[in-house]
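S.K.: Here you go, one structure.
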Amino acid sequence: MASVVTTQLPGTNYLLLALNLLAACTTSVLSFQFISARQAQPSTAGITYKTYYFNQKIDQFGFAEDSTYKQRYLISDDHWKKPGGPILFYTGNEGDIALFCNNTGFMWDVAEEFGAMLVFAEHRYYGESLPFGDLSFSDPKHLNYLTSEQALADFAVLLRHLKGTIDGAQNSPVIAIGGSYGGMLAAWFRMKYPHVVVGALAASAPIWLFEDLVPCNSYYEIVTNDFKKSGPGCSESISNSWAAINRMAETGDSLLWLSNAFHLCSPLKSREDVAAFKGWLSETWVNLAMVDYPYPANFLEPLPAWPIQVVCKYLKNPKCGDKELLQNIFQAVNVYYNYTGNAECLNISQTSSGSVSDLGWSYQACTEMVMPLCSDGINDMFEAQPWDLQAYSDECYKQWGVRPRDTWITTMYGGKNISAHSNIVFSNGGLDPWSSGGVNENISDTLVAIVIPEGAHHLDLRSNNAYDPKSVLQARALEIQYMKRWIEQYKANKN
C-alpha cells in the first residue's frame, strides 16, 4: 500500500445538519466566446492569477435549452513551460473559486517544479458562475441543471477550449486536483473523462459516503475521537451538554439564561430554537474536526494551531453542574467563532465566515448528493439520531420542492465497483470526519490510497508549512511521484 500509515479508520436535527454539511481543440467549441482577462489579481503569498469567463451551455446533455452562462475560471501560467507543459486543473467545488484557489497552496508550491499551468475552474451555481443570474435559486426549474454531471461536462468542455485556443497547450497533459466535494469531482472526472485528464488527486473525497457503502455512524465517531484524543474530559463534556441544554430548555427563564450565557444574537424562545441551537453546536464540533490544522489558519474561521486542543482546555470537567458545564461549552465554541475577539454576539444561523455556499449545497444534498449520517450517543458524543431517509426527503421537499435520489450517485459513478479505472490517488486525513467515506486502502496499483494520520480536511492540498507533521510531507512527496509518473506515461504514449 502506498500509504503514509495504513491505519484503519474506524434530538439534534441531523437531517438539517446533513443538508448543511455538506467543500479539459477543435472547431466544435470555437463558437464559444473567450472573454478577455481582467488585470492580474493578487492571491495569497504574493502569487497572482488572471480571471477569465467562458460561455458554457446551461444544459450540456440536452438540445432544447440552448442558452449559455459565463463560467469563471482562474489561470496562472507564471511557471508554465510550453509547448506541452502540464496543466494542473482544480475541479471547483461548492463555493467561490477564489476561496479554493487561495487555500490550495500545494498546486502553487509544485507549479515551478512541474513547469505547470494552473487552472481553477468554478463550479456552476457557485461564486459568479450563475446560469440564471440572480434568479438561479428562485425556482426548482432553474436549479435543474445543478448536478455533478453537468459540472464535469463543463470542465471537459472548458479544457477542450483551452487546449484549442492557448498556444502550446494542445498536447499538454492535464491532471485533475480537488479537495472535499472538489476531490470527488476530480476522481469522477478521471473516471468519466479519462481522455481529458491523465490522472487525478482526490483529497478528502468521500466518494463512498452514499447508500450503505459505509456505516452511517462512522462520521461522528471520527469527530468524537478527535476530541477524545485532544484533552481529558473533552468529548465527555460535549456528550453531557445535550442533556444539560434539554433541562435548561424547560423554562423561559432558563432559555433566557442560556441565550445570555452564549451571547446569542437572537434569544432562544421555542423548542424549534433549541433544536436549531443544538444543530449549530453539532456543526461547530464537526467544523473544528475538519480544520484541526497544526498551525493557525482561517479556512472557515480564524483559528489557532490545533484548535481542538485549545477548545478542550475549557472542557476538562464533564461532571460539573449544568450552568457551569454550559458556560464551559460557550468558552469552547467562542474559540471557533470569536478567536479574534471581534464578534459582538454569536449567530446560530451561521457556522462559517468563508465563501462556501450553503444554499447551493443544500439543493445538491436534496437531489443526488445524499450522504447518510447517524449517531447513537454511545460510540459518539452526539445525541442519538438514526438515519431517516423519508424524513430527510420530506425536509428537502419542504425546502426545495424536490425529492432526493439516494441511489443515483452509486448508479452514476459505480460505488465501490471502480477497479476498472486508473490513475487516481485518494488522500485522507485521520482527523477528518469525511475520511469515513473515503478510499483508505489501495484498490489497484493505479488506484492508490494515502492516509495521513495527523491530517484534517485536505491538509495535503494546503501550502507547505514549517509546522506540517512528517506524515503530510510524506504524503505530498508520494502525490508528486504519482503525478510525474502520469505525465511521463502520457508523453511516452504520445511518442
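The values are calculated or read from the model by the stated rules, or taken from the named source; none is laboratory data. Because the structure is predicted, anything quoted here is derived from the model rather than measured. Please note: Cβ atoms are built from the backbone with ideal geometry, for glycine as well, and neighbour counts cover all protein chains shown. We work out accessible area using only protein heavy atoms, side chains counted, and drop any ligands, DNA or RNA first. Shrake-Rupley method; radii C 1.70, N 1.55, O 1.52, S 1.80 Å.
S.K.: How many residues are closer than 15 Å to residue 109 by Cβ, touching a strand residue (DSSP E or B) at 6+ places or on another chain (Cβ under 6 Å) and not β-branched (Val, Ile, Thr) when one looks only at segment 449-476?
M.R.: 5
S.K.: Condition first: within 15 Å of residue 124 (Cα to Cα), within 13 Å of the chain's Cα centre (by Cα) and not aromatic (Phe, Trp, Tyr). Now tell me which residues in segment 154-185 satisfy that.
M.R.: 182, 185
S.K.: Residue 254 passes all but one of (1) open to solvent by less than 40 Å² (accessible area, probe 1.4 Å); (2) under 19 Å from residue 315 (Cα atoms); which number fails?
M.R.: Residue 254 satisfies every listed condition except (2).
S.K.: Continuing with this model, one more query. Since residue 212 meets every condition but one in (1) of a type outside the set (Val, Ile, Thr); (2) in contact with a Pro (Cβ under 9 Å, 6 or more places away or on another chain); (3) closer than 24 Å to residue 275 by Cβ, which condition does it not meet?
M.R.: (3)
S.K.: Which of the following residues is within 19 Å of the chain's Cα centre (by Cα) and open to solvent by 20 Å² or more (accessible area, probe 1.4 Å): 454, 488?
M.R.: Result of the check over 454, 488: 454.
S.K.: Looking at 87, 58, which one is among the β-branched types (Val, Ile, Thr) and more than 30 Å from residue 143 (Cα to Cα)?
M.R.: Going through 87, 58 in turn, just one is among the β-branched types (Val, Ile, Thr) and more than 30 Å from residue 143 (Cα to Cα): 87.
S.K.: Under 6 Å by Cβ, and 6 or more places apart or on different chains, what pairs join a residue from segment 379-396 that is under 16 Å from residue 236 (Cβ atoms) with one that is modelled with pLDDT under 95?
M.R.: Qualifying pairs under 6 Å: 383/11; 383/12.
S.K.: Looking at segment 123-137, is at least one residue within 29 Å of residue 430 (Cβ to Cβ), open to solvent by 10 Å² or more (accessible area, probe 1.4 Å), under 17 Å from the mean Cα position of the chain (by Cα) and not polar (S, T, N, Q)?
M.R.: no
S.K.: Taking only segment 179-227 into account, find how many residues are touching a His at 6+ places or on another chain (Cβ under 8 Å), part of a loop (DSSP other than H, G, I, E, B) and closer than 14 Å to residue 414 by Cβ.
M.R.: Here the count works out to 1.
S.K.: Next up: Report yes if residue 383 is part of a helix (DSSP H, G or I) and open to solvent by 10 Å² or more (accessible area, probe 1.4 Å), otherwise no.
M.R.: Taking the combined requirement at face value, the residue does not satisfy it.
S.K.: In addition: Inside segment 61-111, can you point out the residues that are among the aliphatic types (A, V, I, L, M) and in contact with a strand residue (DSSP E or B) (Cβ under 6 Å, 6 or more places away or on another chain)?
M.R.: The answer is 74, 75, 87, 88, 97, 107, 111.
S.K.: Here's a follow-up. Would you pick out the residues in segment 190-217 that are open to solvent by 10 Å² or more (accessible area, probe 1.4 Å) and of a type outside the set (A, V, I, L, M)?
M.R.: 190, 192, 193, 194, 195, 208, 211, 212, 215, 216, 217, listed by residue number.
S.K.: Going through 244, 305 one at a time, which residue ends up being touching an Asp or Glu at 6+ places or on another chain (Cβ under 7 Å) and among the small types (Gly, Ala, Ser)?
M.R.: On the way: 305 fails: touching an Asp or Glu at 6+ places or on another chain (Cβ under 7 Å).
When all the criteria are applied, what remains is 244.
S.K.: If you don't mind, there's one more thing I want to ask. In segment 266-275, is there at least one residue being more than 24 Å from the chain's Cα centre (by Cα) and open to solvent by less than 20 Å² (accessible area, probe 1.4 Å)? Spell out the reasoning first.
M.R.: Let us first name the residues in segment 266-275 that are more than 24 Å from the chain's Cα centre (by Cα), namely 266-275.
Add one more test, that the residue is open to solvent by less than 20 Å² (accessible area, probe 1.4 Å), and what stays is 268, 274.
Taking every residue of segment 266-275 in turn, at least one turns out to be more than 24 Å from the chain's Cα centre (by Cα) and open to solvent by less than 20 Å² (accessible area, probe 1.4 Å).
S.K.: Answer yes or no: is there a residue in segment 482-495 that is more than 27 Å from residue 292 (Cβ to Cβ) and either assigned to a loop (DSSP other than H, G, I, E, B) or in contact with a Leu (Cβ under 9 Å, 6 or more places away or on another chain) (or both).
M.R.: yes
S.K.: Please give the number of the condition residue 391 fails out of (1) farther than 26 Å from residue 284 by Cα; (2) of a type in the set (A, V, I, L, M); (3) out of contact with any Pro (no Cβ under 9 Å at 6 or more places or on another chain).
M.R.: (1)
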